[in-house]
Amino acid sequence: MNKYVAKVLEDLKSKQPWEKEFLQAAEEVLSSLSVVLDSDPIYEKNKILERMVVPERIIMFQVPWADDKGEIQVNQGYRVQFNSAIGPYKGGLRFHPSVNLGILKFLGFEQVFKNSLTTLPMGGGKGGSNFDPKGKSDNEVRNFCNSFMRELYRHIGPNTDVPAGDIGVGGREIGYLFGQYKRCKNSYDSVLTGKALEWGGSLIRPEATGYGNVYFAQEMLATKGDSVAGKTALVSGSGNVAQYTIEKLIQLGAKPISASDSNGSIIDPDGIDQEKLAFIFDLKNNKRGRISEYAKKYPTAKYYEGKRPWGLAKAELALPSATQNEIDADNAKALIENGCILVSEGANMPSTPEAIEVYKSAKILYAPGKASNAGGVATSGLEMSQNAIRLSWTREEVDEKLHNIMRNIHKNALEAAAEYGTPGDYVNGANIAGFKKVASAMIAQGF
Ligand code: NDP
Ligand code: 2IT
């Protein structure tokens, strides 16, 4: 490894050894960059890596809110404004009990490179709270969102920072957050994406991450003269990303056979079709129920309590769409033993470094989330553009733009991988292509 890269990494590990997910993300990116740093001294001279691994700003705040019994609850709120070299900070908000600063730093760091890959002018950021929306009433979720935005509104804005959804933050939460922003600011700003259509949202934004991931998988398979049609696919999660991944797989003639949540997984050997998917949409988005209900409704399916879908059935494709580190080395081996030829990540960092090693030695197609799930934030960028010109594009127009963006990300990642001596390595390609644009903007803008 390049000496400068190794030193930055070592310093980082000694400073915040407890931020495991952030260190994992940083180690992966910096390892890819070693060869770029070898080839050009300009990055080291400008201390680009030291500046890239520290967020430009972190905002931490208390979020007090009243539950339905009138009792006061207090959560921790965060916004990590990581890098604004190529545009306003952009990235989602995650509401989940596991949220802490290290997790948001990992997500914000990944977002910097991902947003650069989209070809759109967006910096990187991430935020959220350890609030758990599960089991909360609408009233409680609204109280929480109001309190969260009561502080956050002063730190964001259409040219400063534009949050969106992530785990636990969907259309309902974006609505409450936007309403409170507007009340605080008295200004109808394009300050959140993932809004509903009637009040500034974009067609295809809900679908974008899942559709984009399947478009990316198609591009990877096309390099081998292959396609998703006729292939069996394992999908994890049953939220926004998983739902639209399953939908696009069905549309393109593949056979998705699984879904999961934090309690367990279902395998449906007959395949999840559009009617069964409609059941999942209603179960998860309206009833906020558990995926185990699927197996009660459709007896062809089997429910596996406490299990992830990997290796539970034979499948050529795997599209992890739940959360970080949901595929470990054993899961990866089980996938490959069951015929897997492609892993395309809908979630952020769902594969552990050991799992990635297994993919590499098996020489399967593997796309890291920062490339393959970038369609979500890219379409957020398209929502911002439509808001700025006060017009909205049709479904077909947005889908076509999304599709082109995914093709370009695929092409740029492959080209960068080949240029730096690792043809076909989407991890190196995505990290290098994402890095170079941000780094040259940082150098141009001085310090
Ligand atoms: P949702 O909240 O809509 O769905 C999350 C899904 O993952 C749920 O099925 C949830 O199960 C499951 N899940 C969450 N945490 C865990 C866990 N610790 N263990 C097992 N299962 C878990 O979120 P999204 O679909 O939006 O996000 C899914 C992934 O995609 C995340 O990694 C996110 O960062 C990433 N992503 C999202 C984008 C977007 O546009 N929404 C864009 C790019 C990436 P349960 O219901 O039991 O919690
Ligand atoms: O991880 C991600 O890219 C997202 N959660 C979407 C971010 C966004 O701003 O749309």
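Results, tabulated for the structure shown:
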item	result
Segment 243-316: projected area of the alpha-carbon convex hull, averaged over directions, in nm²	4.6
Whole-Å semi-axes of the ellipsoid equivalent to segment 157-229 (Cα gyration tensor, √5λ, descending)	34, 12, 10
Karplus (6.51, -1.76, 1.60) ³J(HN,Hα), θ = phi - 60°, over segment 242-250, in Hz, Gly and Pro reported as x	4, 4, 7, 5, 4, 4, 5, 4, 4
Most mobile listed residue (Gly421, Gly125, Gly77) in the chain, GNM with C-alpha springs under 10 Å	Gly421
Farthest positive-ward along the chain dipole, Cα basis, beta-carbon charges - from Val35, His410, Leu120	Leu120
Proxy reagent accessibility, fewest Cβ within 10 Å first, across Asp273, Asp161, Asp328	Asp273, Asp328, Asp161
√(5λ) per eigenvalue of the Cα gyration tensor, segment 129-256, largest first, Å	35, 17, 11
Long-range amide H partners of Ser238 with built H, under 5 Å	Ser260
Simple label model, 7 Å out from Cα along Cβ direction - Tyr188 to Glu357, nm	5.6
Segment Glu27-Glu151, extension gain: residue separation times 0.36 nm, minus the distance between their alpha carbons	41.3 nm
C-alpha center-to-center spacing [segment 24-90, segment 120-148] in angstrom	18
Whole-Å semi-axes of segment 47-117's equivalent ellipsoid (Cα gyration tensor)	30, 11, 10
For the chain, the fraction of alpha-carbon pairs in successive 20 Å shells from zero, as %	27, 60, 14, 0
Fewest-first sequence of Arg395, Arg150 by Cβ atoms within 10 Å of each Cβ	Arg395, Arg150
Long-range amide H partners of Lys90 with built H, under 5 Å	Gly123, Gly124, Gly125, Val162
Computed over segment 1-157, Kirkwood Rh from alpha-carbon pairs, angstrom	17.0
For segment 419-430, Karplus couplings with θ = phi - 60° (6.51, -1.76, 1.60), whole Hz, Gly/Pro x	4, 9, x, 10, x, x, 8, 5, 5, 4, x, 5
Using θ = phi - 60° and Karplus 6.51 cos²θ - 1.76 cosθ + 1.60, couplings along segment 351-364 (whole Hz; Gly, Pro as x)	9, 6, x, 5, 5, 5, 4, 4, 4, 5, 5, 7, 6, 8
Mean Cα-pair separation over length for segment 1-145, i.e. relative contact order, pairs under 8 Å, 6 or more apart, %	24
Residue order, fewest to most surrounding Cβ atoms within 10 angstrom, among Glu198, Glu397, Glu316	Glu198, Glu397, Glu316
Fraction of alpha-carbon pairs over 20 Å apart in segment 347-447 - percent	51
Cα→Cβ-extended label distance, 7 Å offset, between Glu71 and Ala278, nm	4.2
Cα-centre dipole for the chain with unit charges at Cβ (Lys and Arg positive, Asp and Glu negative), debye to 20	740
Phe447-Lys47 pseudo-label distance in nm [points 7 Å out on the Cα-to-Cβ vector]	0.4
Unit charges at the beta carbon, dipole of the chain: most positive-side option, Ser14, Tyr304, Ala332	Ser14
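Every number here is computed from the coordinates shown, using simple stated rules; none is lab data. What you see is a predicted model, and the numbers here were worked out from it, not measured in a lab. Ideal geometry is used to build each Cβ from the backbone, glycine not excepted, and the neighbour counts take in all protein chains shown.
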